[in-house]
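Enquirer: Would you mind keeping the following structure in view while I ask a few things?
The values are calculated or read from the model by the stated rules, or taken from the named source; none is laboratory data. Because the structure is a prediction, the values reported are computed rather than measured. Glycine also receives a Cβ, built like all others from the backbone with ideal geometry; neighbour counts cover every protein chain displayed. The accessibility values were calculated without ligands, DNA or RNA, using every heavy atom of the protein model including side chains. Shrake-Rupley method; radii C 1.70, N 1.55, O 1.52, S 1.80 Å.
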Amino acid sequence: MSGKQGGEQAPRGHTRWWLFAALVAVPALALVGFVVMVAVWVLADDDLTRSGPEKVPCADALRFGGAALPDGAKTVGACEVQGFQDIHYRATFRMPRADVPDWLTRTYPDAPAPETQFCTPDADLCLDLDDPGDHPGAGAHAVQVRVDYEDGDTALVRFTAFTM
């Protein structure tokens, strides 16, 4: 009688090491590829991966929200954009206090009246829009305007336009 009964078996001393190596190597290579991909994404210095604020012209920040800098306004600091998937523009400016209601009405004619009741503690007047309307160049999904009356003549306006 021969030693091979019931089917073929690997000769003694010969293992199928290549099968084991393949089963271990494929997940290991996938893990290494993932780690390299994450490292490249984190260390890359291009516009797609930046998320810190960058200076932009204030006209661009306001235009993104469908607005323009009102007459007589003076910007305070730099206007900024920040984001990767969601974009946030910020502009801060001072303007004549008496001109604030007219500027808001001209800029957003279909908006509800600005409120005082639900403003943040540091704002005297606020306007929150889920849809800033159909303005040329506007890309924002929402706009927030916070107005702080600094004195009898001057208002500090914090304007934010962003996507969601």
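Enquirer: Take residue 59 and tell me if it is out of contact with any Phe, Trp or Tyr (no Cβ under 7 Å at 6 or more places or on another chain), surrounded by fewer than 16 Cβ atoms within 10 Å (Cβ to Cβ), among the hydrophobic types (A, V, I, L, M, F, W, C) and assigned to a loop (DSSP other than H, G, I, E, B).
Expert: Answer is no for this residue.
Enquirer: Confirm whether residue 42 is open to solvent by 80 Å² or more (accessible area, probe 1.4 Å), modelled with pLDDT under 70 and of a type outside the set (Lys, Arg).
Expert: So residue 42 passes the test.
Enquirer: Filter the stretch 123-135 for residues that are open to solvent by 50 Å² or more (accessible area, probe 1.4 Å) and closer than 14 Å to residue 160 by Cβ and give the result.
Expert: 128, 130
Enquirer: Okay, moving on. Could you grab the pairs with beta carbons closer than 8 Å, sequence gap of 6+ or different chains, first residue in the stretch 73-88 and at pLDDT below 90 and exposed (fewer than 15 other Cβ atoms within 10 Å of the Cβ), second one in a loop (DSSP other than H, G, I, E, B) and of a type in the set (D, E, K, R)?
Expert: From residues that are at pLDDT below 90 and exposed (fewer than 15 other Cβ atoms within 10 Å of the Cβ), the pairs are 84/50.
Enquirer: Same structure again: Would you point out the residue of the stretch 138-159, among those that are of a type in the set (Asp, Glu) and touching a strand residue (DSSP E or B) at 6+ places or on another chain (Cβ under 7 Å), that is surrounded by the fewest Cβ atoms within 10 Å (Cβ to Cβ)?
Expert: 153
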